[in-house]
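Engineer: Mind having a look at this structure? Questions to follow.
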There are 4 protein chains.
Amino acid sequence: MSVNSFGHLFRVTTWGESHGPAIGATVDGCPPGVPVDAEMIQHWLDKRKPGQNKYTTQRREADEVRILSGVFEGVTTGTPVQLLIENTDQRSKDYGDIKDKFRPGHADITYYQKYGIRDYRGGGRSSARETASRVAAGGLAREAIKTLAPNVQISGYMVQMGPHKIDRDAFDAAEIERNPFWVPDAKAAGDWADYLDGLRKSGSSVGAIIEIVARGVPAGLGAPVYGKLDTDLAAAMMSINAVKGVEIGEGMSAAMLTGELNADEIFMGQDGPQYSSNHAGGILGGISTGQDIVVRFAVKPTSSILTTRRTITKDGEETEIITKGRHDPCVGIRAVPVGEAMMACVLLDHMLLHRGQVGENRGKIGPSK
Amino acid sequence: MSVNSFGHLFRVTTWGESHGPAIGATVDGCPPGVPVDAEMIQHWLDKRKPGQNKYTTQRREADEVRILSGVFEGVTTGTPVQLLIENTDQRSKDYGDIKDKFRPGHADITYYQKYGIRDYRGGGRSSARETASRVAAGGLAREAIKTLAPNVQISGYMVQMGPHKIDRDAFDAAEIERNPFWVPDAKAAGDWADYLDGLRKSGSSVGAIIEIVARGVPAGLGAPVYGKLDTDLAAAMMSINAVKGVEIGEGMSAAMLTGELNADEIFMGQDGPQYSSNHAGGILGGISTGQDIVVRFAVKPTSSILTTRRTITKDGEETEIITKGRHDPCVGIRAVPVGEAMMACVLLDHMLLHRGQVGENRGKIGPSK
Amino acid sequence: MSVNSFGHLFRVTTWGESHGPAIGATVDGCPPGVPVDAEMIQHWLDKRKPGQNKYTTQRREADEVRILSGVFEGVTTGTPVQLLIENTDQRSKDYGDIKDKFRPGHADITYYQKYGIRDYRGGGRSSARETASRVAAGGLAREAIKTLAPNVQISGYMVQMGPHKIDRDAFDAAEIERNPFWVPDAKAAGDWADYLDGLRKSGSSVGAIIEIVARGVPAGLGAPVYGKLDTDLAAAMMSINAVKGVEIGEGMSAAMLTGELNADEIFMGQDGPQYSSNHAGGILGGISTGQDIVVRFAVKPTSSILTTRRTITKDGEETEIITKGRHDPCVGIRAVPVGEAMMACVLLDHMLLHRGQVGENRGKIGPSK
Amino acid sequence: MSVNSFGHLFRVTTWGESHGPAIGATVDGCPPGVPVDAEMIQHWLDKRKPGQNKYTTQRREADEVRILSGVFEGVTTGTPVQLLIENTDQRSKDYGDIKDKFRPGHADITYYQKYGIRDYRGGGRSSARETASRVAAGGLAREAIKTLAPNVQISGYMVQMGPHKIDRDAFDAAEIERNPFWVPDAKAAGDWADYLDGLRKSGSSVGAIIEIVARGVPAGLGAPVYGKLDTDLAAAMMSINAVKGVEIGEGMSAAMLTGELNADEIFMGQDGPQYSSNHAGGILGGISTGQDIVVRFAVKPTSSILTTRRTITKDGEETEIITKGRHDPCVGIRAVPVGEAMMACVLLDHMLLHRGQVGENRGKIGPSK
């Protein structure tokens, strides 16, 4: 086992600290013959890159990815793919005043309690910078999925920021790429801009909810009872920095449904079963139904704020802290491409598992010929 | 990898189908020297056992556990512990009329799509009966925890059934064992009884939210970045039948908090850091803080209801279905001991991991001597 | 991880002690749709069963296997298969006099040093009885292989007992089943009977070398660089009780070859590459070539002998020991079906891995059409 | 699972191809607080480095290692350590004429059959260059072992080259570092130099046997029954390029011993049990006894020779091949530091596992106080 790895057959190990020389992902299990180059992966890193607008941290990172192994003559070889991203803007002086104090709501205290090591350079391994490695691995996963299941489409967007939710009736997928919040609702985008501007100016921060949808996923992915597709998705999303909740389909609201309402009725379509609704979020018993896979996760507000909070030092002295570094008023924004990347990795992994375990024509529903 | 296993060092593999001869758990990695016998484990199985009141399925199972290996002269030996439970009340005729039809909202359709096998006997492996194996493994984990960290206390209870939530201000831990819903609120217990009676009589079902709290957990458990304590808890809970959402601490509501509100301020207590609040649910950066670990999960309503729903057969013919078997109006009730068991397994696992990876005196916060 | 498990996708966990109520194998990852029943597995257990002739331990075990899960209506379902074997002849009084003394050359001292537990009942978990679970799992693997690669044939036999080697020029496969030693050489069988009779009467024991060959294995199984087919075979064979060495193809003698002699020259046959020789034992770079897979392993003599040896007690007192129980003069005999079982498990595992990772028509050698 | 990873808690994933931009090792699970810098690891890489004398390949690689993560202020932090080595001398033109032909005895044919990809650049991932990553990881493991068990000493040397064995009676540890073959016998060193000179000039190659000994290893490492110390050592050594056999203690010769000879008698020493001999190679039942751990492995001759051999092309045409690149007449020489590295990794891994699973004072043998 490796606590810095995830996935069963598509196995991603991320490494690197926020202010070390580089970060990256060591990816084992990518199928051979997948056409891929650095640019394809760069595309997704650029989407996540900080400093692109006033709503994300002003740290300036080129986030340029290099493929050091596993790709030859433009295709994957089946051997490990090393994706390396150099850190270029580590201005560690920014973090000087938090060198000995723990930030309330931040992992620096628990890392210290676990390891006895204080890597004060911008959060070290606990920094959201680690998620760049995930996005790179996810970019690779997307290319592999294209060769295995070309109809799959993964799309992430914000559905809530602080108290402000999107209007589901005004859902407009085309809008997602047009605003800095990846929000599928033009009006919300405007309102949220105002709201976040206020927060940013006051040095505050706020949480968010992100939804990731995968369309075109074949039925049969996922494996009972601890290798369930939703189990792996829950783990994948919960492993993202600052995430405190994960939902599949109805999520926590499933508690409020009766059996009649919750049952997605089944019909026979041309290509297999069709459903009247999707309360299940595309997963039953841990296995995909062929419907859209729908996952949501909540991101808490960043702990780096300009308001004074009470805390302690490494030596146990009580004191106060205020964080002046470059931070995100809503880290949830950058969590959108990260969530998409995790979805891509989990889906590819289960596609590989499914091919490994069963024949691909099993369980076809329809009249026997 | 084994999709029917969970845990890193405390590794539980469950096996068995609802209507086969037996079910069980093969547990590897239990530390040696833990005093345990069948009765200690039976205690927890009895808590989960169906048929104890009118609110759970009337299937009558003795659920008697036998320890077939790994225990000698009253203590664990460090070798695998086999926990076996025979199935005694399999009345499979009950399930006859659903032999060829898929239940909307049930996993039988996806199992068939994945495996090409139709185990119509009460859901086969996808049945909630599998959770008895988890409870047995959890019972063993609890005994091991007692020897490693005697102060740990795990407590589960319902906080919501359908639209009805408990009154947090009326929280009374003593009440939990006094009602069939494990609800810590006497008034709610009464109201819910009426509500569920109505549902049961009409052949309907409803969802629920369960909260599991672990007290006395030492700081430092959990490992970045994919072996996080909350990642493993999310996976553990999401792997339980019918669960659609998992929350740690504030959970989905973290989206609504600002950084100021979310920051649990830190003070210096006699035995280490103390916190002003617990929005984090006892986990920061995936590592325990020493506060209460707080997890919630939502269980959807069972798909076995007396109302007719539209569905299809194995051969793709459209039809209708109504489920007449013995079922739970609120499967969430029996999920309480299951959630506790998963918490116990995850905590023990991380205790073993923590001992393996770092010195036990690392990262002590306080004045250097 | 589970130290009592092996295999990647075909994952076998064995459990149980020599003198507990039962032993067994929990097998996860068996493909669905494999026709199997208890009799098919019993066939292989009968081959290994002790007490069948005067050359193996006189412990009388029915070794009757029951399939408790994972098989429905005569085929595997894709869920875990529990194979249970009850212990019936545990006469533990036999072991009374070795309760507090450690046997030189036996694992009871190291188990005690590791676990602090003394399971004196016939070796507990370290007993060769554990290998019955392996044989049961191997029987299941053989049936699965039949459906995936019907041409594969696995055959094990002894090639050396003590100083006596078989005559390779007199190799006669038909002879293997005709003598109690599984030796493919009629003359050797006779000589060995005399030799072993002498040893048995004097209460001595001796080592052996077993060779396992798999024919009809497709090219492409195995994965660089730590999931090599030979790496997994080496681990599988070394994990068998009393094994001290493992060889692939030329094995240790490869040290004596020059590059010219070692190079198996390649020709083009009708169905793919053909080789002039098989020094490689069917594996190059950890991946199968399509030739016979050839593995050998050496088994040390059992430590239970009638000659007095010096030893110590649990309390560190020096003393002497003589072992009077029922033991095998050459445990290597019973290791033959165990080695076959391990070969079957490893091959099936890599067949599943190969299907999972790459297209099945990749790397076909021959003229492009 | 990741087929390019090994180890349980100390988990090493190597990546990179012979002629790509770089190779390296991603190491997860190194305990925190281990003092380490690049120089300490460089020490071991220098030992393995090719081109140091006329007996190893003339490829000139600086083999300079950089630590990109996991170390801060001179100590490990507990997070993944990325060890990167750039490839500088890739002269790929050398390999031009073998671009489309398969070398008999080389993995290029099986890689092609598995992956459908032909990475002709010096063997790609199957090149012995991958072992530099192992040596780097082993260097890190050695530093961690120093902090956990300072008495452990690991020493590797050649005991056989072609038909020439060392004289065990002339064993002189001090000699190992004085000759290019790491042979503990001055006379053998001279003879072997002459022998290998002859082979080198004729463009031939030869195999070898290497022995790795670990002294000062505490009793109790290793875990039954598939996580045995010898099982993991067998896998580790067999995973090294060109290895065809692995032995523990007596190894294959155990077949020739009787029970009386094989039994290492036990006495009581000051610090615990002492043994009259070490046929077991320091391991009983998969668990260390406290004696020297003794492992041997055989390396076959390199397939790159100047003698013409018959082979086929990618398109299945029969042809001849002769390999003119820069190659080692005896790759076994460079396998010595690689075997040491694998021993270090396996021992550290089991030290961490042992700490995780059991109390450190368990199973102490001696008078109860």
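Yes/no per residue for (1) closer than 24 Å to C:Gly207 by Cβ; (2) more than 7 Å from every other protein chain (Cβ to nearest Cβ); (3) open to solvent by 10 Å² or more (accessible area, probe 1.4 Å):
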residue	(1), (2), (3)
C:Ala236	yes, yes, no
C:Ser253	yes, yes, yes
C:Asp271	no, yes, yes
C:Ile283	no, yes, no
C:Thr289	no, no, no
C:Thr308	yes, yes, yes
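Engineer: Kindly provide the set of residues from the range B:189-223 that are among the small types (Gly, Ala, Ser) and away from chain A (no Cβ under 14 Å), ordered by number.
Structural biologist: Across the range B:189-223, the qualifying residues are B:Ala189, B:Gly190, B:Ala193, B:Ala214, B:Gly216.
Engineer: Ok, one more. Would you mind telling me which numbered condition in (1) out of contact with any strand residue (DSSP E or B) (no Cβ under 8 Å at 6 or more places or on another chain); (2) under 17 Å from C:Met343 (Cβ atoms) C:Asp169 fails?
Structural biologist: Failing condition for C:Asp169: (2).
Engineer: Another question, if that's okay. Which condition from (1) farther than 30 Å from C:Gly207 by Cβ; (2) of a type in the set (Lys, Arg); (3) at pLDDT below 90 is the one that C:Lys99 breaks?
Structural biologist: Of everything listed in (1) farther than 30 Å from C:Gly207 by Cβ; (2) of a type in the set (Lys, Arg); (3) at pLDDT below 90, C:Lys99 misses just condition (1).
Engineer: Being more than 7 Å from chain D (Cβ to nearest Cβ) and without any contact (Cβ under 8 Å) to a residue 40 or more places away in the chain is the requirement here; does C:Glu320 meet it? Step through it out loud before you land on a result.
Structural biologist: On the way: more than 7 Å from chain D (Cβ to nearest Cβ): yes; without any contact (Cβ under 8 Å) to a residue 40 or more places away in the chain: yes.
Criteria met by C:Glu320.
Engineer: Continuing with this model, one more query. When the residues of the range A:118-132 are filtered to those that are at pLDDT 90 or above and closer than 16 Å to A:Thr88 by Cβ, which remaining residue is surrounded by the fewest Cβ atoms within 10 Å (Cβ to Cβ)?
Structural biologist: A:Ser127
Engineer: For A:Asn151, are the conditions met, namely being under 30 Å from A:Thr77 (Cα atoms), open to solvent by 50 Å² or more (accessible area, probe 1.4 Å) and not small (Gly, Ala, Ser)?
Structural biologist: yes
Engineer: Give A:Ala141, A:Ala107 a once-over and let me know the one that is of a type outside the set (S, T, N, Q), surrounded by 24 or more Cβ atoms within 10 Å (Cβ to Cβ) and more than 9 Å from chain B (Cβ to nearest Cβ).
Structural biologist: A:Ala141
Engineer: How many of the residues making up the range D:297-306 are at the interface with another protein chain (Cβ under 7 Å from one of its Cβ atoms) and either surrounded by fewer than 24 Cβ atoms within 10 Å (Cβ to Cβ) or charged (D, E, K, R) (or both)?
Structural biologist: Total meeting the criteria: 1.
Engineer: Could you tell me whether any residue of the range B:223-244 is of a type in the set (Phe, Trp, Tyr) and farther than 30 Å from A:Gly123 by Cα?
Structural biologist: No, the range B:223-244 contains no residue that is of a type in the set (Phe, Trp, Tyr) and farther than 30 Å from A:Gly123 by Cα.
Engineer: Still on this structure, I have one more. Kindly provide the set of residues from the range A:224-234 that are more than 7 Å from chain B (Cβ to nearest Cβ) and either open to solvent by less than 10 Å² (accessible area, probe 1.4 Å) or touching a Leu at 6+ places or on another chain (Cβ under 6 Å) (or both), ordered by number.
Structural biologist: A:Leu229, A:Leu233
Engineer: Where in the range C:6-91 are there strands (runs of 3 or more DSSP E), lying wholly inside it, with at least 2 residues that are at pLDDT 95 or above, open to solvent by less than 10 Å² (accessible area, probe 1.4 Å) and closer than 26 Å to B:Thr14 by Cβ?
Structural biologist: The qualifying strands (runs of 3 or more DSSP E) are C:11-16, C:22-28, C:81-86.
Engineer: Something else now. If I filter the range D:338-359 for residues that are in a loop (DSSP other than H, G, I, E, B), at pLDDT below 90, touching a helix residue (DSSP H, G or I) at 6+ places or on another chain (Cβ under 9 Å) and of a type in the set (A, V, I, L, M, F, W, C), do I get at least one hit?
Structural biologist: Yes; the residues of the range D:338-359 include at least one that is in a loop (DSSP other than H, G, I, E, B), at pLDDT below 90, touching a helix residue (DSSP H, G or I) at 6+ places or on another chain (Cβ under 9 Å) and of a type in the set (A, V, I, L, M, F, W, C).
Engineer: I'm checking my understanding of the structure. Among residues of the range A:295-328 that are in a loop (DSSP other than H, G, I, E, B) and among the hydrophobic types (A, V, I, L, M, F, W, C), which one is nearest to the chain's Cα centre (by Cα)?
Structural biologist: Among those that are in a loop (DSSP other than H, G, I, E, B) and among the hydrophobic types (A, V, I, L, M, F, W, C), it is A:Ile305.
Engineer: Now, a different point. Can you pull out the residues in the range C:255-269 that are more than 21 Å from D:Val206 (Cβ to Cβ) and either crowded, with 21+ Cβ neighbours inside 10 Å or β-branched (Val, Ile, Thr) (or both)?
Structural biologist: C:Ile266
Engineer: Between a first residue in the range B:127-145 that is more than 22 Å from B:Pro218 (Cβ to Cβ) and a second residue that is open to solvent by less than 10 Å² (accessible area, probe 1.4 Å) and of a type in the set (S, T, N, Q), which pairs have beta carbons less than 6 Å apart while being 6 or more apart in sequence or on different chains?
Structural biologist: B:Ser127/B:Ser18; B:Arg129/B:Ser18; B:Glu130/B:Thr14; B:Ser133/B:Thr14
Engineer: Moving on. What residue, of A:Gly207, A:Gly220, is surrounded by 24 or more Cβ atoms within 10 Å (Cβ to Cβ) and closer than 30 Å to B:Thr323 by Cα?
Structural biologist: A:Gly220
Engineer: Suppose we filter C:Asn262, C:Asn278, C:Asn241 for residues that are touching a His at 6+ places or on another chain (Cβ under 7 Å) and among the polar types (S, T, N, Q); which single one remains?
Structural biologist: C:Asn262
Engineer: Oh, and also: I'm trying to understand the selection: among the residues of the range A:154-175, which are surrounded by fewer than 13 Cβ atoms within 10 Å (Cβ to Cβ) and under 20 Å from the mean Cα position of the chain (by Cα)?
Structural biologist: Of everything in the range A:154-175, just one residue is surrounded by fewer than 13 Cβ atoms within 10 Å (Cβ to Cβ) and under 20 Å from the mean Cα position of the chain (by Cα), namely A:Ala173.
Engineer: Something else: Going by what's in this entry, would B:Ala137 be described as modelled with pLDDT under 95 and under 19 Å from the mean Cα position of the chain (by Cα)?
Structural biologist: no
The values are calculated or read from the model by the stated rules, or taken from the named source; none is laboratory data. Computed from a prediction, not measured in an experiment: that's the story for all the values here. Every residue, glycine as well, gets a Cβ built from its backbone with ideal geometry; the counts of neighbours run over all protein chains shown. SASA here: full protein model, heavy atoms, side chains in, ligands and nucleic acids out. Shrake-Rupley method; radii C 1.70, N 1.55, O 1.52, S 1.80 Å.
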